[in-house]
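Written out below as structure tokens is the structure these notes cover.
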Amino acid sequence: MGGQRRGKAIERKKFTTAIDMAQELPHLFKPISDSPALIGEEQDSLAQCEAAVETLKGAFWAAGKALQIIRDARLYRGTHKTFDAYCDDRWSMNRQYADKLIRAWPIAEALYKKQTDPGLNPIGVKKLNQAQVWELVPAAETWDVDAATFVYDTVVEIDGQPVTAAVLKGAVKALPKGPEFDREAAAEKILEYVSSLSETPAEKVPAPAVPIEEQIAVRVNKAIEVDWVRRLAAQDRSRASAYLDQVQQRVERLRAELLSSAS
């Protein structure tokens with residue numbers, strides 16, 4: 001009986017891959033109904049197709065996490081002597097790129113969890129791609145993953161600001177240095193940096209065309225976007241209050257700075 005057990009083939013679990021999903025997609029290349037609303041079969045097809053497209057958004061995250069498991073658990077040892085050789089032979093991937101994916105995946109996972117949990121992300125789901133996540137890696141490696149996601153969340157919450165890889169890179173560079181991550185100081189520096197993106201250099205500012213009093217009134221109205229604060233308060237009053245506290249602290253610091261310089 002022992003010989004039969006040893007000779008029995010081991011059944012391994014089969015996982016669905018992107019190739020499997022592509023092969024299983026329905027061959028539906030024209031509407032099957034004239035109704036404005038999708039019928040049941042069309043709804044199923046849409047869900048299947050959207051699931052396939054969704055794999056593209058998270059492919060780098062899944063690959064990075066999988067590669068770290070293979071590397072750290074030495075799952076490559078059955079066929080290759082080194083992880084480098086495994087990456088090159090199995091995936092035509094150099095070690096440098098594999099390490100890049102490994103460094104990025106924890107941030108992607110943390111952001112995805114926050115984006116899909118309304119309680120953690122009252123602002124709403126935003127697009128997320130590999131280029132964005134990669135620019136957050138320095139923050140994660142200097143402090144931790146929470147610091148990296150804080151940078152992303154802070155930029156996302158700035159009304160009207162596109163969350164591009166370039167903007168995130170600049171936001172990370174603007175962070176105050178130090179062994180501890182100070183969220184209040186970080187938020188202030190990020191807001192200063194993002195605000196500077198829309199400012200016109202002083203030498204290019206044209207001569208005032210309206211009285212200075214009117215200019216001041218316009219800038220006061222722009223200083224705090226009331227509608228945005230109201231929307232934020234409707235979603236999370238504590239975060240709206242924290243935002244206004246930061247604005248007030250910044251005004252007080254600026255007032256003290258101006259008064260001290262005048263004296």
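Coordinate-derived values only; no laboratory data. From a predicted model like this one, the values you see are computed outputs, not experimental measurements.
Some points to look at:
- Calculated from backbone phi, Karplus (6.51, -1.76, 1.60) coupling profile of segment 225-241 in Hz, x at Gly/Pro: 7, 4, 4, 5, 5, 5, 5, 5, 5, 5, 8, 7, 5, 5, 6, 5, 5
- Structure note, pairs Lys113/Lys189; Lys114/Lys173; Lys65/Lys113; Lys100/Lys169; Lys169/Lys189: Cα-Cα distances above 18 angstrom occur for Lys113/Lys189; Lys114/Lys173.
- Backbone geometry of segment 246-257 corresponds, through the Karplus equation with coefficients 6.51, -1.76 and 1.60 at θ = phi - 60°, to 3J(HN,Hα) couplings of 5, 4, 4, 5, 5, 4, 5, 5, 5, 4, 5, 5 Hz, x marking Gly and Pro.
- Segment Ala85-Gln23, length gained on full extension (0.36 nm per residue, minus Cα span): 19.3 nm
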